[in-house]
Each structure stands twice: as C-alpha cells, then as structure tokens.
1. Let me know the mean shielding of B:267-276 by other chains, meaning the per-residue number of their Cβ atoms within 10 Å of its Cβ.
2. Using only the alpha-carbon atoms, how far is helix A:339-355 inclined from the longest principal axis of chain A? Give it as 0 to 90 degrees, nearest 10.
3. Calculate log10 I(q)/I(0) of the stretch A:3-87 for q = 0.12, 0.19, 0.23 Å⁻¹, where I(q) comes from the Debye formula with a single equal point scatterer on each Cα and nothing for solvent.
4. In the protein assembly as shown, what % of DSSP beta bridges are antiparallel (nearest 5)?
5. What is the helix-to-structure angle for A:146-171, meaning the angle in degrees between its Cα long axis and the longest Cα principal axis of chain A, kept from 0 to 90 and rounded to the nearest 10?
6. Which whole-Hz couplings ³J(HN,Hα) result when phi for each residue of the stretch B:434-446 is put into the Karplus expression 6.51 cos²θ - 1.76 cosθ + 1.60, θ = phi - 60°, listed in order with x for Gly and Pro?
7. Please state the shape class of the stretch B:146-199: rounded when a/c is under 1.5, otherwise prolate if a/b exceeds b/c and oblate if not, all from the C-alpha gyration tensor.
8. Please work out whether the stretch B:254-406 counts as rounded, prolate or oblate from its C-alpha gyration tensor, where a ≥ b ≥ c are the square roots of the eigenvalues and a/c under 1.5 means rounded, while otherwise a/b larger than b/c means prolate and anything else oblate?
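The values are calculated or read from the model by the stated rules, or taken from the named source; none is laboratory data. Source: prediction; values computed, not measured. Using ideal geometry, Cβ is built from the backbone for each residue, glycine included, and neighbour counts are taken over all protein chains shown. Ligands, DNA and RNA are excluded from the accessible area calculation, which covers all protein heavy atoms including side chains. Shrake-Rupley method; radii C 1.70, N 1.55, O 1.52, S 1.80 Å.
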Amino acid sequence: MSLDELIQEAQRQLRICNACRYCEGFCAVFPALERRLEFTEDDVHYLANLCHNCGSCYYACQYAPPHEFNLNFPRTLARVRAQTYRRYAWPAFLGRLYERNGAAVAAVMAACFLGVLLAMALAIEPWRLFGAHPDIAGSFYAVLRHGAMAGVFGLVFVFVVAAMAASASRFFVSTDFDSLKGGLADSLTLKYLGGGGEGCTYPQDEASGARRVFHHFTFYGFLLCFAATCVGTLYHYGFGWKAPYPFLSLPVILGTLGGVGLLLGPAGLAWLKRKADASLKDEAQRGMDDGFLLLLFLTSLTGLLLLAFRETHAMGVLLAVHLAMVLALFLTLPYGKFMHGLYRLAALARFHAERKLPPPRVGSE
Amino acid sequence: MLTSRYKEAFISAREKTWDVLVLGGGNAGLCAAISARRAGASVLVVESAPKDFRGGNSRHTRNLRCMHDAPQDVLTGAYPEEEFWQDLLKVTGGRTDERLARMVIRSSASCRDWMRAHGVRFQPSLGGTLHLSRTNAFFLGGGKALLNAYYRAAEGLGVEVLYEREAVGLEFEQDRFVAVTVKHLDRQDTLRARALVVASGGFESNLEWLREAWGPTADNFLIRGTPYNKGRMLRALIDAGAQSIGDPTQGHCVAIDARSPKFDGGIVTRVDAVSLGIVVNRDAKRFYDEGEEFWPKRYAIWGRLVAGQPGQIAHAIVDAKAMGRFIPPVYPPLQAMTIAELAAKSSLDPEQLESTIATFNAAVREGTFDHTVLDDCATEGLTPPKTHWARKIDTPPYFAYPLRPGITFTYLSVVVDERARVRMRGGDPAKNVFAAGEVMAGNILGQGYVGGFGMTIGTVFGRIAGHEAARVAR
C-alpha cells in the first residue's frame, strides 16, 4: 500500500468511526475525531498517534472484518504511525532508518561495539583490559579514559536531544502549559492503556492490565537509569567522586532498580507481543519493536553484569560491552521505537488543547 | 482444530437432553441463557450466525432506555414510569399491552446492575446524542461489546454455545416442546430439551417474507441489521399453534443512505440532514414536512414515508449552510454548484428540482434559525409545509443524499404473558416454550419506536424467560 493509499484508507475508516461513535468512551482518539467533519493528512497523523493500540475498539467494532466495511482501526493507525516516524524525523534523510529499523538498530549496535573495543585497544595496553581491578574509585577509567568517555557521550547526548526536539516540534508545538501538563499526566500514567477502566484488550480480547504494568517497568526503569547517570555526573563534576560507586550509593541504587525494571519491562512486553492478536498488529514494525526492546534489555543486563563483576578480570570487557549498548541505545533513540513516546505526548497535549475549544454541535437537540 | 472442537461440542450437545435450549444468541437469548444457568439449569445456546457475526441485531445497538427517578451514574435527570409510558403510548398510538409495557418499564430501573454484574459497561451519551442522556444508558463500545461481555459471562458460567446452526423446525408431543431441528450446511440434527426459549428475532432479513408482507416494494428495502434473522422460529411457533400479534408491515424502519449495503450497514448509514433541508421523491417533488419535530423524534417515521414513494427512493437536499450541523454520514454527499447539476448527479429532472426548490424558497418565512429549539422558521402557503428550520436553499455548494427505507426490525410477534410464556391459540400458555426479544416485542410495540426500547424489552423478557424456563425444566 502506498503512503497515499494508506492515508486514504485511514480517512475512509475515520469517516465510518465518525458516523458511528460507539467507541467514544474508550480513549482520546474518538472524542478527538468527532471534532472534525473531514480528515486532513495532518489530522490522520495526529489521531494515529493518540492511539495506544489497545484493541478495545476493534473487538467492539460491528464493522470489523469479515464485515464488508473491513474496519481494522488499530492496525491502520499503527501503519500510519510508522509513517509519522519517518515523516517527522530530523534530519529528514535519517527518517529512512525506519524502513528497516530492526536491521538499522542491529547495525548501530555492532558498530558501537567494534568502535568501543577499537578505541580501548588503541588507547591502552591490552593487559589492562583483561586485568583484575580492585573495586576502587576510578578503576573504570583505567580501561577507558574519562575524558574520552564523557566527550563521546556528551556529544551524542547533545545530538540526540536536538534531533528528538526537532522531530517532535515538527509534529506539534504547544506553549500552552496546561495542555502540556494534561498530556504529560496521561502519558506518565498511561491512562489510555486502561481501555476505559478495566485494562486494555491486549494481548487478547480479554481486558488485562499487563501491558500497562510492563510498560511502566520499562519507562520508569529507563528513567531511573537515566537518573543514576545524572547523579553520577553530578558526583564526578560537582564533588570529584569517581566511579565506580559503592553498592549502597545513590547512583548504584537508582541504576540497579532501573536496571531490574529494564529487564522485566522489555521482557514482559516482548512476551505479550508474542501472544498478541495478529489481526491488530502491523507486522512490518516488528523489527523496530523487537530491536528497541532487545537493546533496552541488553543495556540493562550488561550494566547489571558489570556491577556484579566489576572486581574481576571480566570488568574491562563488560564495561566495553555495556558502553557500546548505551551508546547504541542513545544513537538510535531519535530513529527508533523510542520516538513513539514523544509523538504520543505531543498528540495528547494537542488533545488537551483542543478540548478547551467548544465542541461542534451536530445534534439537533 | 477449531472445526474439530466445534464438532466435538456438537456431538455432545446432540446426545444429551438439555434443561434449557435457547434459540438465538443476541441480547435476549444471552440474558435468558445466563438467567437459566444461574437458576441451575444446563443451557445450550444455538446461534445461526458464525462467531464473528453472532448476536443478531444486538451487534448494532448502542443503548437501552431506562426508567429512573433521580440522576444515576450515566443517566441525567429523572425519567419516571409515567413519562416513559406516555412516550410509548404516543409512538404506538395505543397499539401496546399496558400490563406488559409497564412491567418492562418498571424492570428497566434495575436492569443495569444485573448487566454490570455480567460484564457490561456503560458510558455517558455519545457526541451528537445529548437528547438521549436522560432516557438512555449507552453501552461502552456499543452492542457488540455488550455481546462479548455476555458471551464471556455465559461461557464462564458453563453455558454451551453452538454457532452456525440454524433452527429450522420444532417438534412437539401434544402441547409440550421436545426437540428442535438444526441445520448446518447440508446436515440436519435434532437437539432435545425440557424447555425452550425462542429469542431468534424477527423476519426482517427474510426477503421473501418481506415481499409477502409489503409486495414488490420490499425489493427496494435495505436491511440495516443482521442477515441472519429469517423468522423461521417465529413462523414455526405460529405453525405449531402459537397466537400471533401485530402487522407484518410494522417495524422499525428508517430512511438510510441508498448506497448502503443490502444487509448489516448498521448505524453509520443514517442520514441526519433531513430536518435541515428538504426531501424530494423520484419526481423531484416534496412529500412531507421535514421540520415537523426534532429529527431524533421523527427518525423512525421516514423509512415508511420513503417506502410509500414511487421507486422507494428519496433525496435529502441541503445547502452549504447546513454542513457541520449534523453527524457526518458515512458516504460523502453528492455535491454541485448549481441545483440543475445536483439534479443530474442524483438522476432527478433538473427543471422539476429547480422549480420545487424555487417554490420552497419563495414560501420560506424568515425567522430566527435555531436548530436546538422548535424555531419560527417555517413556510407559508406551501403543501406540504415545512414547519420549523425552514431556510432558503440558496447557498452553493448544494448537497444531496439518496435515501431508501432501512428496516431495522419487524414487529410481527408471538403473544406472551408476563412470565414470557408463549400463548397458544386455545388461550392457554404453552407448557415449556418461552419467547424473548424481537420475536415477542410486538406485544408492546405495535407500531412506532422509542430509541433503546428494543434492548429494554430483550433484557427484561430474556431474564424472565430464562428464569421461568429453568423452573419448568426441573
């Protein structure tokens, strides 16, 4: 299906939904579409990114296949989202990384791994990499100089933040603090993975809270790990305390909790994905979804292994592998599944902004 | 694998004598099945549709009308028994059974707790249906979501369900039901039970029967709901000696978009533009007051009006001023910058349509247009008049929606008593045969319709039928 055909198909389905409206109570997509009489391409992208693919509307749909109207709203919106990610990526040419995203993520992982190993090999004597290091402050920097590590990650971080901000702002910009707050609250609570109250119909047609729980593990795990990094940076530059930090230090506690979340969450989501109803999914996105989950899982796993074995001969290699995973994760953030969160947040903020406007009066009483 | 599981289920179903057999797996049938099972009976539901299309017309429903004396969860204000009854009396013109009707109205007050207990969820009235927020409780996700919840609840309680099995014959021993013949592909089998609940709907998808009742005009009707309501069990009951009630041409019949599929188009095929413009027939002439009442209150008469016109076709015509004031229908309107061009697109005589609209425009007495009240915009000296919301059709582009009669369901029914027992022509109730839903709705709805009342009747009588059937089976 070409992009034009996809948009037209989405517009056809949106017209059916707008004439029916039975699903209004499930999520934000339906109240948002009811504000419109016609659907522009921009509207289609906006509505698609409000959808959390919970499936409730599909199971409730009187027009779902095999009905001749052939309405598979969640799957069509999922396909549109794949196009959103490409369309709004910055710089634009990197949007093509979404074409075969699983392969792209794997290639970046491999490149990072080789790059980190090479950098270490060139910078230090090989025996240091395989030497045992007592767990004392600064041992990490014996295998990789702090300046090099901070420099590379700092540059990557700045680029990634700029790319993500540019992509998201091409999609939707709001300076309205209230609607942003509303969108943020809906995102952080995953309100619309609630299926209108009892959980969403995922992975199968019975209401369940599993996806929301695993997504929370993943997202908050990620946030805790990120917080651990921030605290570590503060320790280093603010107080001159050098990593590795003791087991009961704040960065290690945050990182460990986050790491556990990033093992459970992605594993759970991948497991649910295996069980999920194939009729709702856009199979073409499997590589992107699995690639991102795998990268999160490996980042966490290598980090926890590094923590466990940092006083042994394995430390040097584990550090190299962990840093490679973190680097790959960050490099692919603006060109992978991670971006769904930003577009979702932007769409939800727009939903809250629109909600302040009076609704169209289409009833006669 | 699925097929063999069904086969096994079927073989075991065939070999046993069930306490209660329910024909039809729609709202009424499932309410009956759940109630019978809760009363301790073994229950088999026989559904003629495949699983994807299960549930008859209940798939297309969205709410049920409930009496209540104070605001309750999704319902605003109050809707007392007397007002409910008066609404029903008005639409049916007295063709109703007050005792049964009042029983349904009273029971409607307590339906929702039972429904919720079996997984049904509710939501506030939908966008564009504010006028129903006081009287009707909307199902979250609509009728198919309700059915999914009921099937899950029923199966959880141990009710067995067979799909794609159409009941084609009933077997009686004297005045007692003993077995039903069901058809699957080319095969016929016999299922035996101690009590029977017939909840298999009306005959609206039986095109021959419609033709028998309406004559050849029926060929131009569209069926808004399920293609599976053939009325075979309605006829089988009448043939077995059940009393019938109602006129076979009466039912719920609305004007829907003529481009809709023959069956199963459901809610999205409605066209709400009528009260904002004019409606002309095949000869490009007006034939009824488009502004008589608020559209929702007149929605259910336009099917019959169009059915009475030559060729059973009509065209709703509005101008640019009306766009955005009604729920956008699923099919885009025909559109043109001149009336003549619009007529050509709608296969109407351009001169006649121009003349009809010129006459209409000339008769419009300017007032203060307000679509939310019965306003003072009306025609003067025009037959038929347009008594409200009359505005000149003078602002291009012009739009047309072709209309045909859309049958939702039929009212011809078997007579039941307040225990849902089917009454035989001798005057006595059948010993072990009960009816619920459309197949008996004609006892209460002789003509006309109030939105959401079909689901109320199905729910109330379904529960009674299930309960009573379980009682006589023991």
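1. Per-residue shielding by partner chains comes out at 3.
2. 40 degrees
3. -0.29, -0.77, -1.17
4. Close to 70 percent.
5. Helix A:146-171 sits at roughly 10 degrees to that axis.
6. 10, 9, 8, x, 3, 5, 10, 4, x, 4, 10, 10, x
7. Here the stretch B:146-199 falls in the oblate category.
8. Verdict is rounded for the stretch B:254-406.
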